[in-house]
Amino acid sequence: MNQFRAALRHCRSNLHGALRRCLHYKTPKTPQSPSPPGPPKPPKKPQSFTMHDITWEDPYSWMSRLNDKVAMRHMDVYMEQEEKYVEAVMADTERLQSKLQSEMASRLAFDLSTPSLRLGPWLYYRRVEEGKQYQVLCRRLASLHEKFISNKSPSAGFDYVSGKKIEQKLLDYNQEAERFGGYAYEELSEVSPDHRFLAYTMYDKDNDYFRLSVKNLSSGSLCSKPQVDRVSNLAWAKGGQALLYVVTDQNKRPCRLYCSMIGSTDEDTLLLEEPDDDVHVYIRHTKDFSFVTVNRFSPTSSKVFLIDAANPLSGMELIWECEGLAHCIMEHHLGVLYLFTDANKGHEAVDSHYLLRSPLSVESTSRTWENVFVDDPDLVIVDVDFSHTHLVLILREGPKLRLCAVRLPLPVGGKGSINLKELEPHFLPLPKHVSQISSGPNYDFYSSTMRFTISSPVMPDAVVDYNLSDGKWNIIQQQSILHERTRILYGTTSSAAASGEISNESEISMGEANSDDDQMWNTLSEFYACERFNVSSHDGVLIPLTVVYSYKSKRENENPGLLHVHGAYGEPLDKRWRSELKSLLDRGWVIAYADVRGGGGGGKKWHHDGRRTKKFNSVQDYISCAKFLVERKIVNEEKLAGWGYSAGGLLVASAINQCPELFRSAILKVPFLDPINTLLHPIIPLTPADYEEFGYPEEDIDDFHAVRRYSPYDNIQKDVSYPAVLITSSFNTRFGVWEAAKWIARVRDYSIYDPKRPVILNITTDIVEENRYLHCKESALETAFLLKFIGS
């Protein structure tokens, strides 16, 4: 592993050098640029594999031998060649890339600060100081709120009228970057219930794990303990005097639960250890901090235990268990336990999540759970959130998302399941074309205000606070694309937003709100259309297809198009507005999203019909949507491109194998391209969810044959032209860079070489998602690639 890391660091150094050479490259004055050199050809070292009486040969399996020094030297040379090939292929787009990067950078948020979040007497928020790369976590007392925002420069943290310091810096992530080799990536961050301590985990990229630290917010110093490596989860207990945390093993499996008493010199207490490699452990505290729930789950069973937060060393009580892998979130409200789950009801399979409840006082041996709501197939519960006074439900009614609140406590007394309509639910206002509603963060259990992020393909994300007690709601953060900048509000401002800012002074009654008022929501519907179609797949199942385009540039059978897909893990396809796509939309591109089986939004059956032995349905669904765009002349048949991230990259690559003539180009980001070898011989540890999604090819022969059928690496067609493909991979990815390298090498071996349709591999040197300027640069490269090989 160290040898490969050394090779990777060497590759990074070479890539930086290549990029510097690229930046100083000057376009030749001659009108005709030289043809790019031929693609690299890595050495072949055939190795045979046999499974279930089938033998196959892999000439590039050596690329994943991390402990083979010779193989890693060859890999180093090959990566250098790929970098130079990308340079050569994209050399004539340098000016275009620069222009695109400037466009995209101009749309970045003006201020990276976050809206303040109320927790007890404090308002917590993050902001970026001028000239610094990373944020600073701060807080101020809510009682000093007006004094704070009266200052013209809130980032200074002073009210110059009173001269009082009213802002407290809790954690400077620029200083954390110094601790962790110039890089600061936080995964977990929890303030203790008494507001005295901050527990957080930072990524140590040299060792590839997260390290737990606890900071004393009064003194500003780190506590001597706990300071632990490989922490995946944490939860406060005993009012902030105790911290529970979960540690992973060498394979990144969360398996050990500890309790640390803050300020004590005693060793941390081991509460639970799971030796079974299939069992994972997850913890969280209930929103009222009364309990810590411990989830123990595996492919065969799911269990939930309860720990009394007031006495975390008193043991764990089993309060729920079921067969199979199930999603289980436990909450507590005034002596009643609530369980939000998608577990099967006995031997009866369920298609969606549902809410159960049980009195806390019941003995475990006699505990029973009852459905809170009457099952309604037309109104599916997507998610729930609790406060002291309300239960908020995110619902799906057909293709439409809705958000409603009901008062707590819910009626009891032998009524059984309740019809939601009987509770007089208050439906909260939403804009058109909502694609996703995300809850929180709503840390303050006793607050009457709950926060949600509303997403749409034609609207920048809106962070909205709904006051459930008085019916007021306000947008506290939203980028104004029309003015190419964003303002983050620290609180109620003294003046209305003039330059496209969304002011949280503009509180609107829920009863007055018109969900169709696009201007109120700062949507872009005036400029971009959002249409929804139902596409018939190979077996007659209707697949939702969302299409976005510019009114100004739409021409029948002329527009190029980019078709997105994910289709895995039951996760919804990300259809949020992404400002970098504006560069394509304004150049006449159609952006489409295929909600294929295997993804989310259609219930459990929709997910299961696109996983394991039915995974090929996802590929067929995607192909059907691609053909629909062409046949309906929404996209020109010579101008269709595919786009897939991670598991979505598997679907796009598999679709290209099936119909290479259907696509002119494709963007694959850190794609999963060699599933048969990854599942049989995992180099990077896989989780139970990975095997449940793609199958157990070693134990199950049906899974084996299914994976062989859809595997992109094993089904490349011979002697045909493949589309132009740009693969972006990273050294910091779950699916190793060797998967992309192997697929590219085999495509070049089998397909007809066409310099007008190159297949190239771009290696990123960092976690691009955590650096918005690197993200702009990568997006500019991808967009330039599409424009070069398809046009606008």
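Okay, here's what the table says:
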| quantity | calculated |
| --- | --- |
| Mean ellipticity per residue at 222 nm, deg cm²/dmol - from DSSP H runs of n ≥ 4 across the chain, formula -39500 (n - 2.57) | -6500 deg cm²/dmol |
| Cα gyration tensor shape of the range 413-462, rounded if a/c is under 1.5, else prolate or oblate by comparing a/b with b/c | oblate |
| Angle in degrees between helix 94-106 and the longest Cα principal axis of the chain, rounded to the nearest 10 | 10 |
| Portion, in percent, of the accessible area of the chain that falls on carbon or sulfur, probe 1.4 Å | 48 |
| The range 43-76 residues near the modelled HIS705 label - backbone nitrogen below 19 Å, point 7 Å along Cα→Cβ | 50-56 |
| Of (1) 73, 64, 55; (2) 161, 57, 46; (3) 81, 58, 44, the label for Cα extents along the principal axes in Å derived from the coordinates | (1) |
| For the range 686-728 and the range 267-309, distance of Cα centres in Å | 34 |
| Per residue accessible area of the range 576-680, 1.4 Å probe, in Å² | 26 |
| Contour excess over end-to-end distance, with Cα ends at LYS552 and GLU698 and 0.36 nm allotted per residue | 47.2 nm |
| Listed peptides 552-559, 316-323 by packing density, highest first (mean Cβ within 10 Å) | 316-323, 552-559 |
| For the range 334-384, accessible area per residue (1.4 Å probe, heavy atoms of protein chains only), Å² | 53 |
| Degrees between helix 772-789 axis and first principal axis of the chain (Cα, 0 to 90, nearest 10) | 40 |
| Loop GluC sites (Glu not before Pro), the range 65-132 (other Cβ atoms within 10 Å of the site Cβ: 12 or fewer; DSSP) | GLU130 |
| Order of exposure, largest accessible area first, which applies to SER364, SER102 with probe 1.4 Å | SER102, SER364 |
| Crossing angle, helix 615-631 versus the chain [Cα axis fit, 0-90 degrees, rounded to tens] | 70 |
| Rounded to the nearest 10 Å², the accessible area of HIS327 at probe 1.4 Å | 80 |
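The values are calculated or read from the model by the stated rules, or taken from the named source; none is laboratory data. Because the structure is a prediction, the values reported are computed rather than measured. For neighbour counting, all protein chains shown are included, and Cβ atoms are generated from backbone atoms with ideal geometry for every residue, glycine included. What goes into the accessible areas is simple: the full protein's heavy atoms, side chains included, and nothing from ligands, DNA or RNA. Shrake-Rupley method; radii C 1.70, N 1.55, O 1.52, S 1.80 Å.
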